[in-house]
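Input: a single structure, listed below in structure tokens.
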Amino acid sequence: MVLRSCCKFGPVLVWFRLGYVVLLWLCVTHLRCARAETKTVVQKDAEFDVTYNDTVTSDNQTIYAFNHTVSRNKTEGVRVTVNILSEGAESSPILFVVRQKQAVLSFQVPLILRGLYQRKYPYAHVGRTLCQPPTRSLTETQYFFVDVSTLSSLGTHYQLRISRVDSFTLHTDKKFSFTASPSQPQYFKYVFPDGVDTVIVKVNSEMTFPCSVMSIQDIQCPVYDLDNNVAFIGMYQTMTKTAAITVQRKDFPSNSFYVVVVVKTEDEACGGPLRFYPLRPDELIDAGNRSKILDVVVSPAISSDVYVMGMLFCLGIFLSFYLLTFLVACVENKRMHRRREGLLNPADMSPAETGKPGVTPVSPYEYGSFVDNASTLSSEAITDSIASDANYGYMERSLESVAGRSRQESLSSIEEDDYDTLADIDSDKNIVRTKKYLCVSDLARKDKRVLSKKYQIYFWNIATIGVFYALPVIQLVITYQTVVNVTGNQDICYYNFLCAHPLGNLSAFNNILSNLGYVMLGLLFLLIVLQRDIIHSRALDRNDLNALECGIPKHFGLFYAMGTALMMEGLLSACYHVCPNYTNFQFDTSFMYMIAGLCVLKLYQKRHPDINASAYTAYACLAAVIFFSVLGVVFGKGNMVFWIVFSVLHILATMLLSTQLYYMGRWRLDSGILRRIVYVIYTDCIRQCSGPMYIDRMVLLVMGNIVNWSLAAYGLLKTPNDFASYLLAIAICNLLLYFAFYIIMKLRSGERIQCMAMVCILFTAVVWGFALFFFFQGLSTWQKTPAESREHNRDCIVLSFFDDHDIWHFLSSIAMFGSFLVLLTMDDDLDNVQRDKIFVF
């Protein structure tokens, strides 16, 4: 029985003994591990401005205890500086944890900061400023602790120093210099003084690189003062030599803020090069010495009185033009009244009414032969040919027949195409328009009601374009401003930060206000044109012979379009300056293209009213220009393929337009064009060497081709970054060339420029000169990085409110208004000259 019982419980005893052995082994192992993992924690009472040299391992942890007295009325900064003296500490960094009453700051040393493409930069020397929690007591003793630990079994030697920052609080208008680096950022506190609601914080440096960041943050912990987190909160902007941020009291409930300056690990954000390329993904790169000496100053911004003065100044300048226009209109009205009274005296009657030779002298350079020409292309023969065609307006008819036509007839029933359908009419146009010497009467044959309707379309089309263009633009720039205000990223917009005065949610109200001149002067020009239009309509109603048969044909549709374009330019320029950058620069230039194109068309229309381009063709061409402007801004930078395509198209367009102008539209672009070109070259250049038939036109077109080919070559060779401005320069050069040609030919033809037009020309030229001087000051440029652009920023120069670019807005709006007046008045001397005596050039 005993033997059987032992056999029965034997396996149980074996398993029991085995479990006992395993349990005993586990207990011994646990005790050994616990003994091995036990750390020695040493707490030391430490003092400020004392350097502590110590060694830390995984077996020991050191806690430094500090205390200091803080005051509610005085803020002192506390700075922690750590330096690692041991080599090879990158594999086992030391962790420093600063425990405060209401904040905790932790960082490792060596501090690893990342750059582009995961580059890693180690920093063994680290300095951080502690966030100061607010205190409600008059004085209070606060404690904080610095814990030092590591997981490295090898000893790492370090230095620790806690010091007070005596200049932690910035004072108004007092410059303070300091040094910062990527691992040793700096920040300071500023408290708004009584009576100051807005200040400008300026940070400057003599060193362009290393790239740095200035940030404005609210008084709260933690303070984001490293390259990888400085953009998390507040307002910030990158800088090379200068940075400026306007700060308003309303944005900071505590009436104070921190000015944080961080040096970046790399210079790419400021336009600098990337010098280091890691061979391996985890390779640590020595960044070298990236310390930067900077100075900071906080100055009060302008008061509300300056805002009021700036607005009154702006309104006063442009309202003075309204007053001046009113006085001139009164004087002109009085002169016209005296002139009507003097019509009873035959000696005072105009040459057109008396039948005597008028004020039109004939230039001796070519028009003597024109008067004496007895060929079939003479003026008299052409006049007889025209008189046989009742569909054209210029023929000898009595005033009774003119009065019999009702001026109230609906223009909707009159179409320009009604007059150009028969083959004989087309043949007649070929005869007239290919004459060697043309008069305005040859190109003013269509019914004035048809042309009036044709040119009024310019105004209605540009008004429609402006509405549909402006609405999404306004919506977009409001979104831009909202993004800037919410994110605090002031690198989005290229302001002149040294003279950017905020108002409400707008960051640079002065740059927006200065565009008021375009709108007000554009409206004034529309009123002047309206007055002339009414006077001309009344003259037609009373069958005034001068209005019917004399002077340059008066069509005001293009003038209305020009005034509307000037107003839209002011609106869109203001929208652009809400947040100026390269993506919305098109807003500022689109209607500049429109204005340049409309001015060229108006110059051409003056003496070519029958063959000027229609509104649909003109605006389609301008739309193509704006399309290429967008392509150039997006794809043109450094893209040689784009520049080759654009230059080829530019030259082809120049050649086609030259052909259209030279032959007055009497040519066809079809499959036989090459055969006709070869035939002309053979007959005029090979078979017999004859000069061009239309010498004046040829001179203009040759000069135009030289200018445009030169601009195309410049663009192809230089590939400028600012494609929009390059395109605008092409438009302005062609406009100035044609305007100069028009003035020269007008004087050469024996015509004169009246006093009012001459005053406008001289005044406009002077104003344009001053305007361009201020334009080329270049206060900012989106062709560079935001930090590089801020190097061009300057202080305000007028009333401490307007900068150089604002003066450009003032002067350019006045100069454009003056240019429009020149176009409006330059041919007033021909109002009493019959159209068959006004030459076309």
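The values are calculated or read from the model by the stated rules, or taken from the named source; none is laboratory data. Worth saying up front: this structure is predicted, and the values here are computed from it rather than measured. Glycine gets a Cβ as well: all are built from the backbone with ideal geometry, and neighbour counts include every protein chain shown. SASA here: full protein model, heavy atoms, side chains in, ligands and nucleic acids out. Shrake-Rupley method; radii C 1.70, N 1.55, O 1.52, S 1.80 Å.
Of Lys264/Lys637; Lys189/Lys292; Lys74/Lys174, which ones are farther than 22 Å apart at the Cα? As for pairs spanning more than 22 Å Cα to Cα, those are Lys264/Lys637.
If R0 is 41 Å, the Cβ-Cβ spacing of Leu327 and Leu747 corresponds to a FRET efficiency of close to 0.90. Only protein heavy atoms count here; under a 1.4 Å probe, Phe839 has an accessible surface of about 10 Å². A crude spin-label estimate for the pair His125 and Met311, with each label 7 Å from Cα along the Cβ direction, gives 5.4 nm.
Computed over protein heavy atoms with a 1.4 Å probe, the accessible surface of region 89-186 works out to 48 Å² per residue.
Considering only Cα atoms, the convex hull volume of region 559-653 works out to 96 Å³ per residue. Eigenvalues of the alpha-carbon gyration tensor of region 294-337, scaled by 5 and square-rooted, set the equivalent ellipsoid semi-axes at 45, 10, 4 angstrom, largest first.
Computed packing ranks the peptides 128-136, 761-769 as 128-136, 761-769, most packed first, by mean other Cβ atoms within 10 Å. The alpha carbons of region 170-249 stretch over 37, 29, 17 Å along the principal axes, in descending order. Relative to the 2.2 N^0.38 Å rule of thumb, region 708-778 has a C-alpha radius of gyration ratio of 1.44. Normalised by 2.2 N^0.38 Å, where N is the number of residues, the alpha-carbon radius of gyration of region 93-214 equals 1.32. Both radii come from the Cα set of region 775-816: Rg as radius of gyration, Rh as Kirkwood radius; their ratio Rg/Rh reads 1.03. In summary, the convex hull built on the alpha carbon positions of region 139-188 has an orientation-averaged projected area of 6.3 nm².
Computed packing ranks the peptides 579-587, 70-78 as 579-587, 70-78, most packed first, by mean other Cβ atoms within 10 Å.
From the alpha carbon centroid of region 249-270 to that of region 36-87 is 28 Å. Region 161-236 and region 516-569 have Cα centres spaced 58 Å apart. For Ser573, neighbours were defined as the other residues whose beta-carbon sits under 14 Å from its Cβ, and their charges (Lys and Arg +1, Asp and Glu -1) total -3.
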